[in-house]
Every structure is written in structure tokens, then in C-alpha cells.
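Contents: one structure, followed by commentary.
The values are calculated or read from the model by the stated rules, or taken from the named source; none is laboratory data. Everything numeric here is computed off the predicted structure, so don't read it as measured data. Heads up, the Cβs are rebuilt from the backbone with ideal geometry, glycines too, and the neighbour counts pull from every protein chain shown.
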Amino acid sequence: MAVRGKRLHIRGVPYKLESKIGYGLHSNVYSARDISTGRPVAIKIVEFGHGAAIKARTESRRQTFWKELDLLLHLQPLNPYIIRVLNWDSRETVGFIVMERGNTFRDTLVETHLSGEKLQLPLVKQFWSQMVEAIYFLHRIGIVHADVKPENFIQVGPDGTSLRLIDMGISFRLPPFITSRLKTAAGTPGDNSNKIAFLGKLRNDIRIPPHPDPLLRSVLRKCLRFNPRRRPTAEKLMKHPYLTSGLH
Ligand SMILES: Nc1ncnc2c1ncn2[C@@H]1O[C@H](COP(=O)(O)OP(=O)(O)OP(=O)(O)O)[C@@H](O)[C@H]1O
């Protein structure tokens with residue numbers, strides 16, 4: 001469906017759609033512009049289903065939409081690394097979440113790799129510290145994102161160096177007083193299953209090649225240990241010398 005130029009009103013705010021920039025299991029995401037302010041936005045549109053669609057499926061999509069929206073709204077004032085929700089609406093057959101827009105961090109990684117360049121080390125640390133803090137803030141209040149990966153971090157701000165987490169569709173709250181680590185594998189079904197199968201077959205830690213920053217190499221080695229119980233928590237990562245050295 002051609003979307004360019006199509007207009008959409010969400011709770012009285014007019015938007016002009018530009019193009020489809022992403023999709024998930026139950027949603028499409030469009031780049032758009034708030035016509036009254038000119039601000040670039042991303043609009044996630046979730047079709048609940050209608051007509052011949054099975055009622056149970058419609059209900060489950062509606063519930064997933066509300067679960068994600070509730071969590072996003074709850075986190076807005078608590079965690080600066082969560083995508084900012086600018087507007088939303090839920091209608092009979094469709095739900096909308098209007099967010100700030102940016103590029104996915106995965107695109108930056110792929111583009112940098114293809115161009116043969118490397119991210120500058122201070123920038124790597126800046127991105128890493130935001131990712132760790134984003135997850136630490138979530139864990140501190142008992143929320144598990146469950147699908148942390150470069151495509152779920154969006155780069156915003158004037159120079160694109162501020163990160164925000166998206167896609168809280170399968171995130172969940174841990175029951176209070178849980179201290180042991182989760183035993184189930186979470187994450188995106190389908191495209192990640194090969195990776196999960198690969199990790200399941202690993203019997204040794206992955207070898208990280210020598211790197212000019214030994215602390216970065218050390219932190220990566222710890223995070224990629226094949227035994228999840230030996231991987232550091234977000235709290236431990238906050239205290240790792242890779243982040244703390246140079247701050248004193
Ligand atoms: N705020 C945003 N700015 C730019 N792109 C975005 C934004 N939100 C989502 N996207 C794009 O749309 C894609 C799908 O969004 P999202 O992951 O939230 O949808 P989903 O239906 O929950 O997906 P999944 O089925 O993978 O969980 C993202 O991978 C990203 O490429």
C-alpha cells in the first residue's frame with residue numbers, strides 16, 4: 001500500500017505519513033511528520049483485526065498493544081532511555097503509538113561495517129554506557145525487556161548519540177522478591193532461533209580478538225560467556241572498570 005502523503009489524525013493531531021520503516025509480528029511502523037510542528041515521528045500501527053478475524057486473536061492483539069503502551073507510559077518519567085511516546089490512541093480495530101523517531105543502532109553498525117570504518121572508541125563507550133544504564137534502570141524496578149538487541153535501540157537527538165529502547169511488546173514485570181535468574185529463553189521468535197540454537201551448542205566461551213581497549217575486551221568476554229549464570233548483571237556492568245575508569 002502506498003502511504004506517502006497520506007494524512008492521519010490521532011487524537012486531533014494531524015500527521016503526514018512518509019514511508020513504512022519497520023514491521024513486527026502484529027504491527028507496521030511508519031515514518032511520519034506532525035503537520036502542526038513539523039516534528040519527525042514514528043507511528044506504530046497495530047491492527048487488532050476485524051470482520052472474519054478470529055475474536056480471540058483480535059483480543060490478544062489488543063491486549064499486547066495495551067500491555068506495551070501501559071509499560072511505555074509507566075516508564076516515561078522513570079527511565080530516560082525509553083522511547084518517548086508523543087501521542088497514542090486505541091480505536092475499535094486499530095491502535096496507534098506515536099513516538100520520537102531515529103535510526104536503529106543496528107543500521108549504524110551495519111553501515112559502519114560495510115563502509116570499512118570503525119566507530120570511534122569514545123563513541124562506543126558512550127553507546128555502551130547508555131545501554132547498560134537503560135537495562136539497569138529497568139531491572140531495578142523489576143522489569144525485563146526480554147528482547148535487547150541493536151535493532152531495538154533507536155538513536156535520537158541532534159547528533160544521533162542518545163539511545164532509546166523500543167519494542168516492549170514481550171517485556172514483563174518480575175514478581176516481587178525474585179532473586180534467581182530467569183531460566184527461560186526470551187527474545188524475538190523466528191529470526192533469533194538460529195542464534196539461540198548456536199548459543200545452545202557452545203561449550204566454550206567465544207574468543208574475543210585482541211583489541212586496543214583491553215577493558216572493552218574484558219567486558220565483552222564476560223557478557224558473552226556461554227554459561228548465562230556466569231554473565232554479569234546490569235548492576236555489575238555499571239561497576240565494571242570499562243565504565244568507571246576515567247570517571248575519577
Ligand atoms: N521510534 C522508532 N523510530 C524509528 N524506527 C522505529 C521506531 N520504532 C520502531 N521502529 C522500526 O520498526 C521496527 C518494528 O518495531 P517494533 O519492534 O516496535 O515492532 P514489533 O511489532 O513489536 O516487532 P517484533 O515483532 O520484532 O517484536 C523496528 O525494528 C524499527 O526498525
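List of remarks:
- Qualifying positions in the range 90-114 - within 12 Å of the ligand (Cβ to nearest atom) and of a type in the set (Gly, Ala, Ser): Gly95, Gly102
- Any chance Arg61 is more than 11 Å from the ligand (Cβ to nearest atom) and of a type in the set (Lys, Arg): no
- Qualifying residue in the range 115-129 (condition: within 30 Å of Pro241 (Cβ to Cβ), within 16 Å of the ligand (Cβ to nearest atom) and modelled with pLDDT of 95 or more): no
- With respect to being in contact (Cβ under 8 Å) with a residue 12 or more places away in the chain and assigned by TED's automatic domain parsing to the domain that holds Ala42, Gly142 falls outside the description.
- Condition met for Asp191 (at pLDDT 85 or above, out of contact with any Cys (no Cβ under 9 Å at 6 or more places or on another chain) and assigned by TED's automatic domain parsing to the domain that holds Phe127): no
- Hits in the range 21-39 (condition: of a type outside the set (Ser, Thr, Tyr), at pLDDT 95 or above and either more than 9 Å from the ligand (Cβ to nearest atom) or touching a helix residue (DSSP H, G or I) at 6+ places or on another chain (Cβ under 8 Å) (or both)): Ala32, Arg33, Asp34, Ile35, Gly38, Arg39
- Options Glu92, Glu117, Glu151; residue that is more than 25 Å from Arg230 (Cβ to Cβ), in contact with a helix residue (DSSP H, G or I) (Cβ under 6 Å, 6 or more places away or on another chain) and either aliphatic (A, V, I, L, M) or free of Cβ contacts under 8 Å to residues at least 60 places away in the same chain (or both): Glu151
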